[in-house]
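Okay, so here's the structure we're looking at.
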Number of protein chains: 2
Amino acid sequence: MDLLDSIRSRMEELERELIGRLKSRVPVAFEIGSHIMNSGGKRIRPHLAIISARMGGYTGPDAVKLSGAIECIHTATLLHDDVVDKADTRRGQPSANSLWSNEMCVLGGDFILAKAFSALTSIGNIRILEIISRATERLSEGELFQMMNIGNMDITEEDYIRIITDKTAVLMEAACRGGAILGGLGQDQEDALAAFGFGLGIAFQMTDDVIDYRSEKATMGKEPGKDIAEGKLTLPLINALKKSNDMERERISQIIRDKRVSAEELLWIKGLLERQGGIQETLEKSRSYLNDAVKHLALFSDSEEKAALKRLAERILHRTY
Amino acid sequence: MDLLDSIRSRMEELERELIGRLKSRVPVAFEIGSHIMNSGGKRIRPHLAIISARMGGYTGPDAVKLSGAIECIHTATLLHDDVVDKADTRRGQPSANSLWSNEMCVLGGDFILAKAFSALTSIGNIRILEIISRATERLSEGELFQMMNIGNMDITEEDYIRIITDKTAVLMEAACRGGAILGGLGQDQEDALAAFGFGLGIAFQMTDDVIDYRSEKATMGKEPGKDIAEGKLTLPLINALKKSNDMERERISQIIRDKRVSAEELLWIKGLLERQGGIQETLEKSRSYLNDAVKHLALFSDSEEKAALKRLAERILHRTY
């Protein structure tokens with residue numbers, strides 16, 4: 001049975017909620033919002049929120065609202081990321097900022113963010129609002145810290161973890177905690193679900209950063225080597241650099257200064273990352289975070305929902321294994 | 001006695017709140033935020049919120065939080081506006097996006113916006129959250145609608161009113177309504193203060209749009225003719241175009257297509273606007289909105305606070321008269 005099966009009806013409701021929520025008297029606001037909303041996101045955060053709420057027996061409409069709000073926040077940051085990264089594509093489709101101007105996308109992102117807070121407000125739970133607004137702060141802090149480290153060859157693993165914590169893990173943690181609150185779970189179980197979401201987020205981002213070096217555009221809809229071309233040093237490269245000689249470091253440094261990577265260079269880097277174990281170490285670390293994440297679910301007795309969360313964790317591994 | 005006198009202590013508190021609120025583990029987030037916060041804003045929205053709360057006898061800390069949040073939202077939109085408009089200066093100082101990259105300013109604005117919602121959440125009043133998040137939606141809708149009309153020579157007065165309603169009046173209305181809620185005022189008085197803030201906002205934006213044609217850079221810190229160079233047709237020009245002949249229309253259309261205005265052209269446009277009454281009509285309309293705004297205060301008996309709101313309205317007139 002597929003993970004989606006148990007909550008599919010909720011996901012259809014979510015899609016309606018997302019698109020309905022973005023209605024605006026200003027057509028372009030709706031067009032930008034629905035374009036990026038419909039561009040094939042995996043809806044991981046909504047899954048986390050809806051399943052977490054169900055872990056406490058809650059199946060009401062607020063879980064859909066919460067999910068919609070969190071997906072909106074995530075989507076708004078994607079829009080602003082694409083502006084920041086000057087991306088041409090997103091998930092294999094033309095990016096919003098290639099269809100509309102960067103300026104429109106900045107304002108469109110603000111619109112989606114405001115819609116998210118309206119949706120959250122309509123749930124009427126101050127604790128959930130606290131958690132999500134704090135997570136949104138950290139999201140932008142993570143993006144800013146990442147940008148400060150563009151081209152920084154000396155970035156450490158600790159810096160990298162801090163970046164992905166803020167830009168990815170904290171919102172997944174918040175999705176689980178928000179759902180748990182809706183489910184009326186006790187503090188221990190709420191904390192356990194939050195820890196699960198956090199670990200899942202770290203693992204997800206690590207595998208995402210591996211995919212950046214492994215993907216073929218045709219299959220993944222992602223341009224391989226995008227991170228290094230943008231001067232973003234992620235864990236596979238950070239790991240490999242530790243074991244690289246001066247010549248290798250200098251070649252990588254040159255690519256980063258040039259802000260582009262040729263097919264030949266990318267092939268060389270991929271070889272280096274495999275040879276030095278940069279990819280392997282990252283995948284092992286990702287697996288370790290996932291295993292720890294799943295351990296937090298031991299607090300719950302077996303259920304369809306618990307099984308769904310475990311399958312979600314496995315799926316994240318299988319994106320690359 | 002100056003308007004500020006009666007609430008000066010609150011404003012000092014506000015400045016501390018604003019700067020304190022923007023603290024971040026990521027130094028650049030704080031630096032961007034505090035740069036734009038310290039660049040000499042008039043703090044009209046905070047005044048409105050604090051005085052409105054005092055109209056109901058409330059002088060506690062939540063009025064400062066509300067004010068800080070609203071000023072943050074306003075400031076975040078200024079940051080994103082400067083990115084959108086590619087502005088070099090803001091209030092006579094270098095704009096944030098001339099000191100940091102556009103990308104940093106996009107993310108910095110997101111950070112400030114998230115901080116605003118955290119501050120609002122900490123007040124713990126769902127109605128206030130509803131009002132402010134809805135106002136924030138409309139703010140970005142107004143900015144988007146304005147952008148859709150860049151270079152549109154056929155923009156109507158109705159379109160213009162809709163733009164300034166969303167981008168300026170609604171947040172001033174929300175500041176007053178939010179303060180009124182903190183003050184525990186009844187629905188009639190809350191609505192009256194909201195209507196006051198709304199009218200003040202419309203009048204404020206109209207005079208601001210007049211200043212764009214009247215200011216000297218040295219005194220106002222604003223580059224005159226910025227709006228037309230950006231293709232934004234505001235009420236003075238919309239009014240004047242109605243009475244212009246084909247040659248005049250064509251010359252204006254050419255300036256808008258060129259996206260820049262020479263000193264000579266600006267002088268000619270200013271002359272046209274004065275001659276055709278575009279400036280005068282705008283100022284009269286602004287005065288009329290202000291008069292209507294002040295009438296809503298009749299619901300309140302005389303007080304230091306009511307006098308302060310009236311002085312605030314007068315000040316808006318005297319920016320240009």
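Details
- Spherically averaged projected area of the convex hull of Cα atoms, the protein assembly as shown: 29.9 nm².
- In this assembly of identical copies, the label point of A:Glu314 (Cα plus 7 Å along Cα-to-Cβ) is separated from its counterparts by 7.6 nm, sorted shortest first.
- Shielding of B:98-111 by partner chains, average beta-carbon count, 10 Å: 6
- Entries in A:Lys242/A:Lys285; B:Lys115/B:Lys167; B:Lys115/B:Lys259; B:Lys226/B:Lys306 that, when Cα-Cα distance is taken, lie over 27 Å: B:Lys115/B:Lys259; B:Lys226/B:Lys306
- Which of B:Ser253, B:Thr282, B:Val170, positive extreme of dipole for chain B (C-beta unit charges): B:Val170
- Note on B:148-155: average number of Cβ atoms from other chains within 10 Å of each residue's Cβ is 1.
- The rule of thumb for compact globular proteins, 2.2 N^0.38 Å, goes into the C-alpha radius of gyration of the stretch A:132-248 1.22 times.
- Once the Cα-Cα distance is subtracted from the 0.36 nm per residue extended length, the A:Arg251 to A:Thr156 segment shows a gain of 32.3 nm.
- Förster radius 35 Å - calculated FRET efficiency between A:Asn125 and B:Arg319, Cβ distance, rounded to 0.05: 0.25
- FRET efficiency, 1/(1 + (r/R0)^6) with R0 51 Å, evaluated for A:Lys295 and B:Glu223 via beta carbons: 0.25
- Unit charges on C-beta of K, R, D, E only; dipole of the protein assembly as shown, Debye: 260 debye
- Overall form of chain B per C-alpha gyration tensor (a/c, 1.5; a/b vs b/c): oblate
- Overall form of the stretch A:118-164 per C-alpha gyration tensor (a/c, 1.5; a/b vs b/c): prolate
- Estimated FRET transfer efficiency (A:Leu266, B:Arg25; beta-carbon r; R0 41 Å; 0.05): 0.75
- Charge sum, other residues only, whose C-beta stays under 10 Å from A:Leu241's C-beta, Lys/Arg counted +1 and Asp/Glu -1: +1
- Global form of the stretch A:21-142, assessed from the alpha-carbon gyration tensor, a/c cut-off 1.5: prolate
- Mean Cβ count within 10 Å, highest first, over the residues of peptides A:166-175, B:32-41: A:166-175, B:32-41
- Pairwise centroid distance, computed over Cα atoms, of the stretch A:251-308 with the stretch B:117-187, Å: 43 Å
- Chain B: angle of helix B:102-123 to the longest principal axis, Cα-based, in degrees nearest 10: 30 degrees
- Fewest-first sequence of B:Leu290, A:Leu297 by Cβ atoms within 10 Å of each Cβ: A:Leu297, B:Leu290
- Highest GNM mean-square fluctuation among A:Glu31, A:Glu141, A:Glu264, for chain A modelled with Cα contacts below 10 Å: A:Glu264.
- Exercise: per-residue mean of other protein chain Cβ atoms within 10 Å, A:29-38: 1
Read the figures in this text as sums done on the coordinates, not as results from a lab. Source: prediction; values computed, not measured. All Cβ positions, even for glycine, are placed from backbone atoms using ideal geometry, and neighbour counts span all protein chains on display.
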